[in-house]
1. Show me the strands (runs of 3 or more DSSP E) found entirely inside the range 105-222 where at least 3 residues are surrounded by fewer than 20 Cβ atoms within 10 Å (Cβ to Cβ).
2. Looking at the range 105-116, I want the residues that are charged (D, E, K, R) and have a partner that is at pLDDT 95 or above and assigned to a loop (DSSP other than H, G, I, E, B) with Cβ atoms under 8 Å, at least 6 apart or on another chain. Which pairs are those?
3. Condition first: in a strand (DSSP E or B) and farther than 30 Å from G218 by Cα. Now tell me which residues in the range 50-65 satisfy that.
4. State all residues of the range 1-49 that are among the aromatic types (F, W, Y) and either assigned to a helix (DSSP H, G or I) or surrounded by fewer than 20 Cβ atoms within 10 Å (Cβ to Cβ) (or both); if no residue qualifies, say none.
5. Would the range 89-104 turn up any residue that is more than 8 Å from the ligand (Cβ to nearest atom), in a loop (DSSP other than H, G, I, E, B) and within 17 Å of A222 (Cα to Cα)?
6. Given the criteria crowded, with 22+ Cβ neighbours inside 10 Å and either assigned to a helix (DSSP H, G or I) or within 10 Å of the ligand (Cβ to nearest atom) (or both), does L77 qualify?
7. Please find, among G99, G94, the residue that is on the phi > 0 side of the Ramachandran plot, crowded, with 17+ Cβ neighbours inside 10 Å and not hydrophobic (A, V, I, L, M, F, W, C).
8. Just to be sure before I move on: is S183 within 14 Å of the ligand (Cβ to nearest atom), in contact (Cβ under 8 Å) with a residue 40 or more places away in the chain and over 24 Å from G65 (Cα atoms) in the structure I sent?
Amino acid sequence: MSLRIVVCVKYVPDATGDRHFAEDLTTDREAVDGLLSELDEYAVEQALRIAEEADDAEVTVVTVGPEDATDALRKALSMGADKGVHVEDDDLHGTDVFGTSLVLAKAIEKTGYDLVVCGMASTDGGMGVLPAILAERLGVPQVTLLTELSVADGKVSGRRDGDAASEQVEAALPAVISVTDRSGEARYPSFKGIMAAKKKPVETLDLEDLDLEAEQVGLEGAYTKVLSATERPARTAGEIVTDEGEGAKLLAAFLAERKFI
Ligand SMILES: Cc1cc2nc3c(=O)[nH]c(=O)nc-3n(C[C@H](O)[C@H](O)[C@H](O)COP(=O)(O)OP(=O)(O)OC[C@H]3O[C@@H](n4cnc5c(N)ncnc54)[C@H](O)[C@@H]3O)c2cc1C
């Protein structure tokens, strides 16, 4: 039977653009271009490598996000994934990690899976907890933050590097894993891949399709609440140190004053 791999990919605001909060203190997603979270490219890469090694495998990429989040799916499809699932609903506005994991769990159950692959963290929210919550919701084992991994004999195994030690870990499938940015460079989509991605199927689901109510997600269903937000202060002009023999000293004093050294 085919190995069903599902990759969770997030559409995030471009970190090189200016980001702002909307009036309700959620990220103003309209004001900035988005893209596939760079850290999720590693997840797609690992899923594709596992699929290439398996006799028979199918890679589905799933995202919970606004209309433009299909861009993230298309990028993953152009890298080589087979199909996409896009959960989109106006009531998702303001959904926190608990709501997002609930929606993902429902979508993944509906799709069917043996292995769920996530990135180590998103490049915008950056909590890194979604894979663990997702595994709990699906009722399956989790092995997170893998830097090396393989799938064989109905198990996923890999190496997890910590500050003090490297652990060898494994879990029986079905399971949820997350992979780090040291798991292996993500491939660039080829021209052929980009063209092929345009024709690959993307299923769009809303809350009703997943038997979810609006109150379970959105700002209403969120466990966390943003109370206030302050825009980053505008950048001030830098200080130019002219080296007239004392340059190094002045530089060291500048860094020490700001507690960098
Ligand atoms: C329309 C919309 C509005 C939102 N508004 C808010 C808000 O106001 N406040 C708030 O706290 N959160 C909001 N969220 C949710 C938020 O953006 C995150 O998706 C969620 O909180 C997960 O946290 P994280 O990104 O830090 O996940 P992490 O735990 O850092 O992510 C780890 C991994 O989980 C997977 N993942 C995470 N998010 C998604 C996703 N959306 N789809 C697919 N895979 C994913 C990726 O593989 C990622 O690498 C909103 C989401 C959507 C879609």
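1. Values: elements: 115-119, 142-146, 148-152, 155-161, 166-172, 175-179, 202-205.
Answer list for the range 105-222: 148-152, 155-161, 166-172, 202-205.
2. The qualifying pairs are K106/D211; K106/L212; D114/L173; D114/P174.
3. Those that are in a strand (DSSP E or B) and farther than 30 Å from G218 by Cα: A57, E58.
4. Narrowing the range 1-49 to residues among the aromatic types (F, W, Y): 11, 21, 42.
Correct list: F21, Y42.
5. Yes, because at least one residue in the range 89-104 is more than 8 Å from the ligand (Cβ to nearest atom), in a loop (DSSP other than H, G, I, E, B) and within 17 Å of A222 (Cα to Cα).
6. Yes, satisfied.
7. Numbers: G99 fails: on the phi > 0 side of the Ramachandran plot.
Just a single option satisfies the conditions, and that option is G94.
8. yes
The values are calculated or read from the model by the stated rules, or taken from the named source; none is laboratory data. Predicted model only: the values in this text are computed from it and were never measured. Quick reminder, even Gly has a Cβ in these numbers, built from the backbone with ideal geometry, and neighbours come from all protein chains shown.
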